[in-house]
């Protein structure tokens, strides 16, 4: 995928979240069953990095479960971060930072901090280009402690006929199918107005390659969420082999 296409897809998603931040947040007032499942494996004193933290719903839920570790949430959208700040409650020590994963050097906001656990729930599928996703994951790895764990999920909307019907032609944003990579889609949004979003659906072989090339080993992989329990793929990666 060339640079112009990557920049166009980044702009599509940036514009979507700037326009529909509140409408999107209204649909994200609880965490998904798959997230609840993986959090059972996270020690309550763990230090956590949450990429794409959005409106802070995960941090709020962690506080309800009496997690007491250090939590840092990162998101590019100021409106969602403002809501996240309003939601935070003790005992979790939460800090929210503004940073765009698609911008080189975004990790500078973390300084020298390292974490035992990192999360990216429904985040990587908004990063266009396999090289972009690999760079973000490798950067993330540098901020994990030895033996650190990376837990992430990917939206498998193709398992839902209702969501498949939302697929739009690339020509709507001035691209063609030849410009993008396998697994890339353009979806419409109809809550609080009409918008468009870029989404990437990786297959398990692609994720396996991403893990290996970024220095991780996949410990667990499962499907969850949605009416049929298959609307998202979750994976738990550990540093090393």
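All of the numbers you see were taken from the coordinates with simple rules; none came from a lab. Small disclaimer: the values here were computed from a predicted structure and weren't measured. We place every Cβ from the backbone using ideal geometry, glycine too, and count neighbours over all the protein chains shown.
For segment 45-81, the candidate set comprises residues that are out of contact with any helix residue (DSSP H, G or I) (no Cβ under 9 Å at 6 or more places or on another chain) and surrounded by fewer than 15 Cβ atoms within 10 Å (Cβ to Cβ); within that set, the residue that is farthest from residue 148 (Cα to Cα) is 64. All told, residue 156 meets the bar of being in contact with a strand residue (DSSP E or B) (Cβ under 9 Å, 6 or more places away or on another chain), more than 26 Å from residue 104 (Cα to Cα) and surrounded by 19 or more Cβ atoms within 10 Å (Cβ to Cβ).
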